Amino acid sequence: MHLVAYGDTRFTDPSITGVTNPRVRQWLAEQIGRQHPEAVLLTGDTPFHGGDSADWEEFQRETESWRKVGALELPTTGNHELLGPEGIPNYLKNFPEIEGHLYYSALLGSVEVISLDTSQPSGTSSGQGRWFASQIDHLPRQVEFLMILYHIPWMADRQSQIIAGLPSKDALALREILETRLPKIRAKVVVFNGHIHNYERFERRGVEYVVTGGGGAVPYPVLLRGGGDLYHDAAFPVYHYLVVEVANHKLHAVMWKVKDPDAEALEVEAKDDFTIDAAAAGPRVTPAHKTRSHTPPD
């Protein structure tokens, strides 16, 4: 299984540069197509304005390479998808594979992807919360890796806790639903979030929490990272995507960061990676300081 995860792209008119970097955004989308992923996991804020059909048309144009290689698009709703009365209808129209569902699961061999919706309540008594609990309680036996998509972070660095009040109440409620069931499931879990236009990674109770919000939206500097954040590189901005490989009962993820967004020729370098063994007690974390340069092949 060959997957890509990223988010906070804010696809919109390329002449708009104050809220997103169209050059980097377009280049990243093209590189993802060159990866030939079987699925692209989108962590939300895909368009700049969900109610603007023109932004969705731009999304379709800039990501055409994904559809040419047959990549399955598995999205989650962000706050920008919810803008305007047509936001959600546009979202569902542009992702026909999810068949009108704002939260859903997709079984991909030994991988199950669960996508949750930021627009609905998430407590244990809510419809979404009960559904999420049931999904975890009834994972197919073949599932070795469970990947969860939700726009708002379930874990956040110290700066985001202080300034933005993250994680949110709903995010914490969903995290609690997951954590109470961890002793009963054999699958290893990775949670992919967005919202913060940077990269963060945490490990808690054997779960890997990854904030991947570097798809092109105006970048946010993280000046104060708490001790729990496993990513410590101070370089900025952090435009990036993750390539996730699942093979031989192991998951290996690499974060590819744009080396210099102002360079004449863009390229990415590997700035973080981690491996999870389905048979092991917990994730094996690779040091984040190892760097490799890489220009994806044509």
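The values are calculated or read from the model by the stated rules, or taken from the named source; none is laboratory data. Please read these numbers as outputs of a predicted model, since none were measured by experiment. Reconstructed Cβ throughout: ideal geometry from the backbone, glycine too, with neighbour counts over all protein chains shown. Each accessible area value is taken on the protein alone, full model and side chains, heavy atoms only, with ligands, DNA and RNA left out. Shrake-Rupley method; radii C 1.70, N 1.55, O 1.52, S 1.80 Å.
What is the number of the single condition among (1) under 17 Å from the mean Cα position of the chain (by Cα); (2) over 22 Å from Asp117 (Cα atoms); (3) open to solvent by 30 Å² or more (accessible area, probe 1.4 Å); (4) hydrophobic (A, V, I, L, M, F, W, C) that Val19 does not meet?
(1)
Are there any pairs, at least 6 apart or on different chains, whose C-beta atoms fall under 6 Å, with the first in the range 218-234 and free of Cβ contacts under 8 Å to residues at least 60 places away in the same chain and among the aliphatic types (A, V, I, L, M) and the second surrounded by 15 or more Cβ atoms within 10 Å (Cβ to Cβ) and assigned to a loop (DSSP other than H, G, I, E, B), and if so, which?
Final answer for the pair search is none.
If we keep just the residues of the range 99-114 that are in contact (Cβ under 8 Å) with a residue 40 or more places away in the chain and part of a loop (DSSP other than H, G, I, E, B), which is surrounded by the most Cβ atoms within 10 Å (Cβ to Cβ)?
The selected residue is Ser110.
What is the residue count in the range 76-94 for residues that are assigned to a loop (DSSP other than H, G, I, E, B) and surrounded by 22 or more Cβ atoms within 10 Å (Cβ to Cβ)?
Qualifying residue count for the region: 5.
What is the number of the single condition among (1) of a type in the set (D, E, K, R); (2) without any contact (Cβ under 8 Å) to a residue 40 or more places away in the chain; (3) more than 17 Å from Gly215 (Cβ to Cβ); (4) touching a strand residue (DSSP E or B) at 6+ places or on another chain (Cβ under 9 Å) that Glu38 does not meet?
Unmet condition: (2).
Determine which single condition Arg186 fails, assuming it passes every other condition in (1) in contact with a Lys or Arg (Cβ under 9 Å, 6 or more places away or on another chain); (2) open to solvent by less than 10 Å² (accessible area, probe 1.4 Å).
Status for Arg186: all satisfied but (2).
Which one of Pro22, Pro75, Pro14 is within 26 Å of Tyr209 (Cβ to Cβ) and either in contact with a Pro (Cβ under 9 Å, 6 or more places away or on another chain) or touching a residue at least 40 places away in the same chain (Cβ under 8 Å) (or both)?
Pro75
Within the range 47-57, does at least one residue satisfy the condition of being in a helix (DSSP H, G or I), open to solvent by less than 60 Å² (accessible area, probe 1.4 Å), within 22 Å of Phe11 (Cβ to Cβ) and of a type in the set (Ser, Thr, Tyr)?
no
Residues that are closer than 25 Å to Glu245 by Cα and part of a loop (DSSP other than H, G, I, E, B): does the range 155-167 have at least one?
yes
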